[in-house]
Amino acid sequence: MNDFSIGVDLGGTNLRIAAVDVNGHLVEKVTLGTKVSLGRDHVINDMCEAIQHLSEKYKNSSSMLGIGIGVPGIIDMQTGLLRESPNLPGWAEYPVRAEIERRLNTMVILENDANVAAFGEKWLGAAKDHDDMAMLTLGTGVGGGLVLGGKIWHGMNGMAGEFGHTTVEPEGHPCGCGNRGCLEQYASATAVVRMAREAIAENASCSLARAAHSDLEFSAKSIYNLAIQGDEDARRIFRRVGRALGIVLSTLVNSLNLPIYVVGGGVASAWEAFAPAIFEELRHRCMVYAATAPADPLAQGGGASSHVDPGPGRKTIITRALLGSDAGLFGAARLPMIAEAAR
Ligand SMILES: [Zn+2]
């Protein structure tokens with residue numbers, strides 16, 4: 001077997017741990033619930049046990065290069081402290097990296113979850129042929145990651161890439177970050193459900209009201225299902241998602257002129273419902289996109305087989321992610337491999 005490392009995706013709901021070899025082959029994956037309510041030490045115990053199990057199992061036939069962990073929150077890259085994490089109450093200011101290194105006696109690299117997702121798509125997914133890329137992850141919130149010259153761009157404090165908190169509506173819905181009208185308030189799963197509930201409250205949609213009444217979960221996925229069945233009210237919500245994304249992508253494309261921008265996360269499975277509105281906005285708002293748009297931008301968002309050559313000249317590609325929820329696991333596992341190579 002090739003040398004391998006262990007990637008960890010520490011979410012508010014799931015804790016996933018995988019052994020991945022240096023060629024990007026997933027050797028084994030373990031999924032555990034994150035028992036956040038039982039406290040930080042419990043979660044760290046579970047994590048260390050699963051890591052130990054995987055590394056013992058494979059280390060006789062090859063070398064274990066280290067551990068990469070994707071964490072939702074702001075990380076101090078120098079000290080490995082988790083500064084702030086709304087999904088992991090009680091973890092703030094905790095020396096996560098030092099504690100796990102102490103327990104497992106091996107190199108640990110901590111990284112923001114949206115950054116590792118971007119890094120995974122850059123390594124093995126939609127952006128694998130590019131050294132420069134940006135990614136938006138549409139989940140409960142909206143995360144962002146930027147990879148430049150093949151490396152995650154951290155900025156001065158490890159806080160770069162917070163695209164989810166750029167303003168799309170100056171007087172819009174209040175956001176947890178203190179701003180109003182952030183992208184996250186229009187393009188996350190939480191936002192999709194909120195916008196549907198707003199339409200219901202305004203008596204603006206009988207079909208959404210019926211669905212909310214009969215479907216106890218009434219999630220972004222339920223609304224997407226309505227949209228693909230042709231429900232105009234549900235489709236309008238996803239057009240709003242696309243519009244918000246298009247506004248932010250216009251700014252990114254004008255500012256960065258990268259070859260590829262990837263849209264991932266759970267909400268990205270509704271790509272067909274919101275992508276046309278993204279390209280509509282880009283065409284109107286983005287000078288750099290107008291000059292670099294491929295002839296058929298939607299042809300590049302088709303899915304696993306969507307590896308389309310953008311044609312002659314260098315074009316701006318905006319496409320959906322390919323690795324689904326594993327992007328973060330692969331990206332996290334890649335971190336120790338890069339660090340090892342740089343030594
Ligand atoms: Zn915000």
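Every read-out reported here was derived from the displayed coordinates using simple, explicitly stated rules and does not represent laboratory data. Here the structure is a predicted model, which means the values were calculated and not measured. Cβ atoms come from the backbone with ideal geometry, glycine included; neighbour counts cover every protein chain shown.
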Legend entry - Farthest toward positive dipole pole in the chain [+1 Lys/Arg, -1 Asp/Glu at C-beta], among GLY33, ILE223, ALA333: ILE223
Inset, instruction - In nm, give the distance between the simple-model label positions of SER214 and GLU202, each being 7 Å from the Cα along the Cα-to-Cβ direction. - result: 2.5 nm
Inset, instruction - With label points built 7 Å along Cα→Cβ from the Cα atoms of ARG283 and ASP131, find their separation and express it in nm. - result: 3.4 nm
Inset, instruction - Under 1.5 on a/c is rounded, so check that first for the range 41-158, then, if it is not, pick prolate when a/b is larger than b/c and oblate when it is not; a ≥ b ≥ c are the square roots of the alpha carbon gyration tensor eigenvalues. - result: oblate
Inset, instruction - Before anything else, pin down the relative contact order of the chain: Cα pairs under 8 Å, at least 6 apart, normalised by residue count, whole percent. - result: 19 percent
Inset, instruction - For ASN112, list long-range residues whose amide hydrogen, built 1.01 Å from N in the peptide plane, is under 5 Å from its own amide hydrogen. - result: VAL71
Legend entry - Order of VAL116, VAL147 under a 10 Å beta carbon neighbour criterion, fewest first: VAL147, VAL116
Inset, instruction - Amide H neighbours of ILE318 under 5 Å, at least 5 residues apart or on other chains, H built in the peptide plane: list them. - result: TYR261
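Between ALA339 and THR251, what is the FRET efficiency for a Förster distance of 30 Å, r being their Cβ-Cβ separation, to the nearest 0.05?
Calculated transfer efficiency: 0.40.
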Inset, instruction - Mind checking which of PRO72, ASN14, GLY155 is farthest towards the positive end of the chain's charge dipole, using Cβ charges of +1 (Lys, Arg) and -1 (Asp, Glu) about the Cα centre? - result: GLY155
Inset, instruction - Take GLU121, GLU28, GLU101 and order them by how many other Cβ atoms sit within 10 Å, fewest up front. - result: GLU28, GLU101, GLU121
Inset, instruction - Please order ASP233, ASP3 by the number of other Cβ within 10 Å, starting at the fewest. - result: ASP3, ASP233
Inset, instruction - Convert each backbone phi in the range 320-325 into a coupling constant with the Karplus relation 6.51 cos²θ - 1.76 cosθ + 1.60 (shift: θ = phi - 60°), then list the ³J(HN,Hα) values in order as whole Hz, x for Gly and Pro. - result: 7, 5, 10, 9, x, 6
Inset, instruction - Give the shape of the range 40-107 as rounded, prolate or oblate, defined through the alpha-carbon gyration tensor: a ≥ b ≥ c are the square roots of its eigenvalues, a/c under 1.5 means rounded, and otherwise the shape is prolate if a/b is larger than b/c and oblate if not. - result: prolate
Legend entry - Extreme residue, positive dipole direction of the chain, given options VAL241, MET1, LEU138 (C-beta unit charges): VAL241
Legend entry - Amide proton proximity set for THR34, modelled H, under 5 Å, gap of 5+: ASN14, LEU15
Inset, instruction - Compute the distance in nm between two label points, each set 7 Å from the Cα along the Cα-to-Cβ direction, one at ASN2 and one at GLN78. - result: 3.5 nm
Inset, instruction - Per residue of the range 212-227, in order, report the coupling 6.51 cos²θ - 1.76 cosθ + 1.60 (Karplus, θ = phi - 60°) as ³J(HN,Hα) in whole Hz, putting x for Gly and Pro. - result: 5, 6, 8, 10, 4, 6, 5, 9, 4, 5, 4, 6, 5, 4, 4, 4
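Can you order the peptides 320-330, 168-178 by their average number of other Cβ atoms within 10 Å per residue, highest first? If you can, show how the numbers build up before the last one.
Numbers: 320-330: 24.2, 168-178: 13.1.
Going from most to least packed, we get 320-330, 168-178.
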Legend entry - Extension reserve of the GLU232-LEU148 stretch, reckoned as 0.36 nm per residue once the Cα distance is removed: 26.3 nm
Inset, instruction - For LYS122, list the lysines whose Cα falls under 29 Å from its own Cα; do not include residues on the same chain fewer than 8 positions away. - result: LYS29, LYS57, LYS59, LYS151, LYS221, LYS315
Inset, instruction - Any chance you could run the full-extension gain for ARG103 through LEU298? It's 0.36 nm times the residue separation minus the Cα-Cα distance, nm to one decimal. - result: 65.4 nm
Inset, instruction - Using 0.36 nm per residue of separation minus the Cα-Cα distance, give me the extension gain between GLU56 and LYS35 in nm, one decimal. - result: 5.1 nm
Inset, instruction - Could you go through the range 172-181 in sequence order and give the Karplus-derived ³J(HN,Hα) for each residue, using 6.51 cos²θ - 1.76 cosθ + 1.60 with θ = phi - 60°, rounded to whole Hz, and x for Gly and Pro? - result: x, 4, x, 10, x, 7, x, 7, 10, x
Legend entry - Residues HIS173 and GLU93, FRET efficiency given R0 of 35 Å [Cβ-Cβ distance, rounded to 0.05]: 0.75
